[in-house]
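Worksheet for the structure shown next.
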Amino acid sequence: MQAFDGQVQVDIKTPDGSGIEPGQVVAVMTGSIRGILSAERVALNLLTHLSGVATLTSRYVQQVAGTRARVYDTRKTLPGLRGLQKYAVACGGGENHRMGLYDAVLLKDNHLAQVGAEGLAEAVADAVKRSREANRGHPRIKFVMVEVDSLEQLEKVLPTGIDLVLLDNMGVDQLRLAVSMRDKAACRVELEASGGVTLETVRAIAQTGVDRISVGALTHSAPALDIGLDITP
């Protein structure tokens, strides 16, 4: 608002990440009525959307409370709003996944399509090695991750030195077996469940023992929170 009209003063009454009740005042703006109303819709659109992202994230986080699982966002964000949406996820108690293609390595099924089952382990191990070498002297890659959609693939990639394995669209029985396989392998690989996660299913997924659950819906499908602007004399 102040970027549009520097004469408008904004007094934040409710800090980011706070819970609110119906009728609660979140901020008070004083200044030119023309300036306030000119920027009203853009400001409210951002505020209601980002508050909706934080609220939905908080609901997912509450659903997994008491388990080891942490709730993560994805890169399924609106163009130009990734930083703000990921901040909103953090305000809701969630965790941020990679920001882009520059701060982590994720080997997805399309990247490995030409490798085949026999070459999977070698390809992943090579990617891990090259990523580690690229990080020497100027660390910027937070983790190296590979996506698998079967327990057979998981068995092949566990010994490769990978940091994280994304378990794509696996049911809860498969997820439990995946956790058991990782634990028996005595490796430090973290397991992330992803694909079709909902508020109704996230608790059961978390109870399988996975470390992370990524939910694209946090940013691409969050309903806007109902926040309005009232003018007083």
*asked:* Suppose we keep only residues that are part of a loop (DSSP other than H, G, I, E, B) and of a type in the set (A, V, I, L, M) within segment 1-23. Which one would you say is nearest to Ala224 (Cα to Cα)?
replied: Ile20
*Residue in segment 183-219 that is surrounded by the most Cβ atoms within 10 Å (Cβ to Cβ), counting only those that are in contact with a helix residue (DSSP H, G or I) (Cβ under 9 Å, 6 or more places away or on another chain) and polar (S, T, N, Q)*: Thr219
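Okay, residues lined up against (1) under 30 Å from Ile162 (Cβ atoms); (2) surrounded by 17 or more Cβ atoms within 10 Å (Cβ to Cβ); (3) touching a residue at least 40 places away in the same chain (Cβ under 8 Å); (4) basic (Lys, Arg):
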| site | (1), (2), (3), (4) |
| --- | --- |
| Gln7 | no, no, no, no |
| Asp16 | no, no, yes, no |
| Gly19 | no, no, no, no |
| Thr57 | yes, yes, yes, no |
| His97 | yes, yes, yes, no |
*Please work out if Val128 is under 26 Å from Arg176 (Cα atoms) and in contact with a Leu (Cβ under 6 Å, 6 or more places away or on another chain).*
no
*Only one residue in Val53, Val71, Val42 is closer than 25 Å to Val179 by Cα and among the β-branched types (Val, Ile, Thr). Which one?*
Val71
_Testing Asp149 on (1) free of Cβ contacts under 8 Å to residues at least 40 places away in the same chain; (2) surrounded by fewer than 19 Cβ atoms within 10 Å (Cβ to Cβ), one condition comes back false. Which one is that?_
(1)
*Pair list, Cβ < 6 Å and 6+ apart or interchain, from segment 168-181 residues that are under 18 Å from Val215 (Cβ atoms) to residues that are surrounded by fewer than 16 Cβ atoms within 10 Å (Cβ to Cβ) and of a type in the set (A, V, I, L, M)*: Val172/Ala204
*Do we have Leu50 as buried (at least 18 other Cβ atoms within 10 Å of the Cβ), over 12 Å from Ala217 (Cα atoms) and free of Cβ contacts under 8 Å to residues at least 60 places away in the same chain here?*
yes
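Residues are listed down the side, and each one gets a yes or a no for (1) modelled with pLDDT of 95 or more; (2) among the polar types (S, T, N, Q):
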| residue | (1), (2) |
| --- | --- |
| Lys129 | no, no |
| Glu133 | no, no |
| Gln153 | yes, yes |
| Val157 | yes, no |
| Ile162 | yes, no |
| Cys187 | no, no |
| Val202 | yes, no |
| Thr208 | yes, yes |
| Leu218 | yes, no |
*Consider Glu40 against the criteria (1) part of a helix (DSSP H, G or I); (2) over 25 Å from Gly94 (Cβ atoms); (3) without any contact (Cβ under 8 Å) to a residue 60 or more places away in the chain: it satisfies all of them except one. Which criterion is unmet?*
(3)
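Residues checked against (1) more than 25 Å from the chain's Cα centre (by Cα); (2) not in a helix (DSSP H, G or I):
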{"position": "Val25", "(1), (2)": "yes, yes"}
{"position": "Ser51", "(1), (2)": "no, no"}
{"position": "Ala65", "(1), (2)": "no, yes"}
{"position": "Arg75", "(1), (2)": "no, yes"}
{"position": "Asn110", "(1), (2)": "no, yes"}
*Search segment 80-96 for residues being touching a Leu at 6+ places or on another chain (Cβ under 9 Å) and part of a loop (DSSP other than H, G, I, E, B), and hand back the single one that is farthest from Leu47 (Cα to Cα).*
Gly94
*Conditions (1) among the hydroxyl-bearing types (Ser, Thr, Tyr); (2) crowded, with 18+ Cβ neighbours inside 10 Å; (3) more than 16 Å from the chain's Cα centre (by Cα); number of the one not met by Ser180*: (2)
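The values are calculated or read from the model by the stated rules, or taken from the named source; none is laboratory data. Here the structure is a predicted model, which is why all the values come from computation and not from measurement. With ideal geometry, Cβ positions are generated from the backbone for all residues, glycine too; neighbour counts draw on all protein chains shown.
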